[in-house]
1. Quick check on packing: order 197-203, 94-100 by the mean number of other C-beta atoms within 10 Å, highest mean leading.
2. Give me the 1.4 Å probe accessible area per residue for the range 2-82, excluding ligands and nucleic acids, in Å².
3. Is there a quick way to get the dipole size of the chain? I mean about its Cα centre, with the Cβ of Lys and Arg at +1 and of Asp and Glu at -1; what is the value in debye to the nearest 20?
4. All other residues with a Cβ under 15 Å from the Cβ of Ala220 taken together, and with Lys, Arg as +1 and Asp, Glu as -1, what is their net charge?
5. So which lysines pass the test for Lys196, namely a Cα distance under 23 Å, with those fewer than 8 places away in the same chain ruled out?
6. May I ask you to give the percent of accessible area on the range 113-232 that is carbon plus sulfur, with a probe radius of 1.4 Å?
7. Would you please give the residues with an amide H less than 5 Å from that of Gly148, counting only those at least 5 places away or on a separate chain, with H modeled from the backbone geometry?
8. So which trypsin sites (Lys or Arg not before Pro) in the range 89-178 are both in a DSSP loop and have at most 12 other Cβ atoms within 10 Å of their Cβ?
Amino acid sequence: MPDRMTPDAVMLFAAGFGTRMAPLTNTLPKPLIPVAGLPLLDHALKLTAGLSTRVVNAHYRADQIVAHLAGTDVHVSVEKPQILDTGGGLKRASPILGDGPVFTLNTDAVWQGPNPLQLLHDAWNPNAMDALLLCVPLSNATGRKGGGDFTLTDGGLHWGGDMVYTGAQIVKTEALAHIEDEAFSLHKLWHEAEAKGRFCGLSYPGLWCDVGHPGGITLAEEMLRSTAPDKS
């Protein structure tokens, strides 16, 4: 059985409007857009197999996500009347996720290589970390539009640089109770972790594709047909 400091719950973010994915999102929420014959949401859920608690948030066309997950063990946290952003969504789902650290995972990316959540699990040190973000070098971030997010130095993360946040992390949630805002970004938790010297990162050794825009679908399908780099 996992202890309180070992994450065994995951929050999958699926509430966004998907404006960059228009016109496909005129009729579908972005997480249900198919890539290689499988909805993006299902690609993400495959990575979470074995975790005891899985929560997906929903807002835009939430009824379609609820229907898609009907009959499964995945909880759906419907955000209404307003969308709550990543931090607010995580706070809303906290009663389901429970105490202690949790995984969070964006649903608009596809991976080729080792399971990102397993890598995070293996590197997680609750005595030294409040947040552990999985990043990929900008040169290996297929479909990425724009620059990087962070610099990774000896396991510590610093804002700005050529490392791209992949949307996968482990984060402690205790600080959520002290945030009064209803809608807010996870950046609030990250800045608190950074101020304590407990904001950490890990580099992903496989392939990663941003599927936040229509062109990312073809890129992701091509990536899935390729072979992940051998880092052994």
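1. 197-203, 94-100
2. Working: 3750 Å² over 81 residues.
Per residue, the range 2-82 has an accessible area of 46 Å².
3. 340 debye
4. My count for the surroundings of Ala220 gives +1.
5. Lys91, Lys172, Lys188
6. Ligands and nucleic acids excluded, carbon and sulfur reach 50 percent.
7. Close amide H contacts, sequence-distant or interchain: Gly161.
8. Those satisfying the criteria are Lys145.
The values are calculated or read from the model by the stated rules, or taken from the named source; none is laboratory data. Fair warning: this is a prediction, and the values are worked out from it, not measured in the lab. In this analysis, Cβ positions are derived from the backbone assuming ideal geometry, glycine residues included, and neighbour counts consider all displayed protein chains. Surface accessibility is based on the protein's heavy atoms, side chains included, excluding ligands, DNA and RNA. Shrake-Rupley method; radii C 1.70, N 1.55, O 1.52, S 1.80 Å.
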